[in-house]
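Undergrad: Input: one structure, supplied below.
Every number here is computed from the coordinates shown, using simple stated rules; none is lab data. Everything numeric in this text was worked out from a predicted model, so none of it was measured. Don't worry about glycine lacking a Cβ; one is built from the backbone with ideal geometry, like all the others, and counts go over all protein chains shown.
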Amino acid sequence: MPHKGESSCSESDDSLESRSRKAILVAETLKARYKVSIPHPDLIPAFPNLFIGVALKTAVKVIVKVSESQRECMFLKKLASPEFKADKRNRTIKPLEITCLNQISAYLIVCPQFQPLENAARMVVVLRKVIWDELASQLKDYCSFLHEHRICHRDIKPSKLGH
């Protein structure tokens, strides 16, 4: 649902029929553009709207998020703008595309897939303290950057930071 003062692609309807229609349209759109896997079972409870896949046209590994928030899309576009990307504290991963699915008041947010820090930690037996100090510093700077621009990031974590 849109936040106060926020419009969506079109009017929203939360009936069972509407939710089924939304799920079908999202599935058809994803299938036409991406080879996606079923979300990892560990992700489903927390992130039922995230899909890992590969873009069919470019073979780029992607994360696709289905969002009903126009506000989220607006902030992502703003953070990816040249003005905001010029600030070295901005570690936002730039979306490859944001598509509005007008029929169901939803958006597909497509970002490149980055290797999560958890995987990197498994590959390297011991990460030097310097790396962890740098990561903590980048997270602090990034949060300061977002807050300076009155943006709250509700699920910040190392795997969501760009290079």
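Undergrad: Per 0.36 nm of contour for each residue apart, how much would the distance between residue 19 and residue 60 grow if the chain were fully extended, relative to their Cα-Cα spacing?
TA: Numbers: separation 41, 0.36 × 41 = 14.76 nm, distance 2.95 nm.
The span from residue 19 to residue 60 would gain 11.8 nm if fully extended.
Undergrad: If each residue of separation counts as 0.36 nm, what is the full-extension length gain between residue 134 and residue 52 once their alpha-carbon separation is subtracted? Could you put the intermediate results ahead of the total?
TA: Working: separation 82, 0.36 × 82 = 29.52 nm, distance 2.78 nm.
Value of the extension gain: 26.7 nm.
Undergrad: Right, something else. What distance in nm separates the two pseudo spin-label positions at residue 96 and residue 78, each 7 Å out from Cα along the beta-carbon direction?
TA: About 2.6 nm, to one decimal.
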